[in-house]
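Structure first, then comments.
The values are calculated or read from the model by the stated rules, or taken from the named source; none is laboratory data. Only a predicted model underlies this, so the values are computations on that prediction, with no experimental measurement involved. Note: ideal-geometry Cβ built from the backbone for every residue, glycine included; neighbour counts use all protein chains shown.
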């Protein structure tokens, strides 16, 4: 019985550590950059504030990123090409 326990416990700890590593890597990828959040909170639009209140930061940042993409796209189209 003790032999099984001495083999089973390290295996369980190893599998737990591997599982937590996967969870940590997913959390690291989905984190919000501080500068992006600061920029969104400096000049919020009503739809972004509503999304922040109802759905949290992920949806509000998604709307903010869409707004930035549109704004960058119009800047590029306004610049004359030589």
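Could you list, in sequence order, the residues of region 43-59 that are surrounded by 12 or more Cβ atoms within 10 Å (Cβ to Cβ) and over 25 Å from residue 27 (Cβ atoms)?
Scanning region 43-59 gives 44, 45, 47, 49, 50.
Picking from 65, 76, which residue would you name as being surrounded by 10 or more Cβ atoms within 10 Å (Cβ to Cβ), part of a helix (DSSP H, G or I) and either over 16 Å from the mean Cα position of the chain (by Cα) or modelled with pLDDT of 80 or more (or both)?
Selected residue: 65, the only one of 65, 76 that is surrounded by 10 or more Cβ atoms within 10 Å (Cβ to Cβ), part of a helix (DSSP H, G or I) and either over 16 Å from the mean Cα position of the chain (by Cα) or modelled with pLDDT of 80 or more (or both).
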